[in-house]
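Before any comments, here is the structure.
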Amino acid sequence: DIQMTQSPASLSASPEEIVTITCQASQDIGNWLAWYQQKPGKSPQLLIYSATSLADGIPSRFSGSRSGTQYSLKISRLQVEDTGIYYCLQRYSNPPTFGGGTKLELK
Amino acid sequence: QVQLKESGPGLVQPSQTLSLTCTVSGFSLTSYNVHWVRQPPGKGLEWMGRMRYNGDTSYNSALKSRLSISRDTSKNQVFLKMNSLQTDDTGTYYCTREDTRHYFDYWGQGVMVTVSS
């Protein structure tokens, strides 16, 4: 199975700051990566797919990038509503595997 | 609009069988794959298995011996059955649709399952 190592496990940032979350794949997965946001008590919401494409209705302050087997989610101009847990997901091969999650809190 | 909704018992006794139903609307089970994903309390997401649009199934190898996914297309329902439940099977169980780009775009609200005597 492909392992997705996500970092950091948690972070705290102030509104309007820029934050970056990364996922390291254990092997090449091409652009087969998505990012999800999960708020407390809610189901995950798709933010980014195919590593860099913004999902419908997602604010442009969210962006994704790739460098080799490392994938990044950047949130520019952090907003209060961005609080939650973020997960990456690889869809290169079965089984689909998620990163361990990054808990984002606002100061 | 696309909707998925999980239903099932909130409490299951250890060693018993869990049966969950995912009822979908707004799309056809013969056109889209539906997956099951679970989440232990306070922990991350784990893929469990998939019902393909053509009726084929695939399972997480760690659960394969205990897990079965089936469907009734006439009722727009996908079923999950998992036997020999233990306390570490406690968590929220989600069904989710795989979109044409092969990502999970719509999710159900989830159903919390507690394994306890």
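What follows draws every value from the coordinates through simple rules; no lab data is involved. This is a predicted model, so every value here is computed, not measured. Ideal geometry is used to build each Cβ from the backbone, glycine not excepted, and the neighbour counts take in all protein chains shown.
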Determine the alpha carbon to alpha carbon distance for each of A:103/B:5; A:107/B:5; A:42/A:107; A:74/B:81; A:39/B:5 and list only those over 30 Å. A:107/B:5; A:74/B:81
When only C-alpha pairs under 8 Å and at least 6 residues apart count, what is the relative contact order of chain B, in percent? 36 percent
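At 20 °C and 1.002 mPa s, grab the translational diffusion coefficient of the protein assembly as shown from Stokes-Einstein with a Kirkwood Rh over Cα pairs, rounded to a whole number in µm² per second.
It comes out at roughly 119 µm²/s.
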What is the packing order of peptides B:95-102, A:8-15, taking the mean over residues of other C-beta atoms within 10 Å and listing the highest first? B:95-102, A:8-15
Two-site FRET efficiency, residue B:75 against residue B:117, from Cβ-Cβ distance with R₀ of 25 Å, rounded to 0.05: 0.20
Once you average over the residues of A:88-101, how many Cβ atoms of partner chains fall within 10 Å of each Cβ? 4
Can you divide the C-alpha Rg of segment B:23-64 by 2.2 N^0.38 Å and report the result to two decimal places? 1.34
From other protein chains only, count the Cβ atoms within 10 Å of every residue's Cβ in B:94-107, then give the mean. 5
Mind computing the radius of gyration and Dmax over the alpha-carbon atoms of segment A:1-104? Å is fine for both. 12.7, 38
Which residue fluctuates most in the GNM of chain A (Cα springs below 10 Å): A:26, A:60, A:50? A:60
So the FRET efficiency between residue A:7 and residue A:54, C-beta based with R0 = 22 Å and rounded to 0.05, is 0.45
Taking the DSSP beta bridges in chain A as the whole, what percent of them are antiparallel, to the nearest 5? 90 percent
Projected onto the charge dipole of the protein assembly as shown (unit charges on the beta-carbon of Lys, Arg, Asp and Glu, signs +1, +1, -1, -1), the Cα from A:9, A:97, B:22 with the largest positive-side position is that of B:22
Using only the alpha carbon atoms of chain B, find the Kirkwood hydrodynamic radius as the inverse mean reciprocal pair distance, in angstroms to one decimal. 14.1 Å
Using a Gaussian network for chain B with springs between C-alpha atoms less than 10 Å apart, which of these wobbles most: B:54, B:76, B:33? B:54
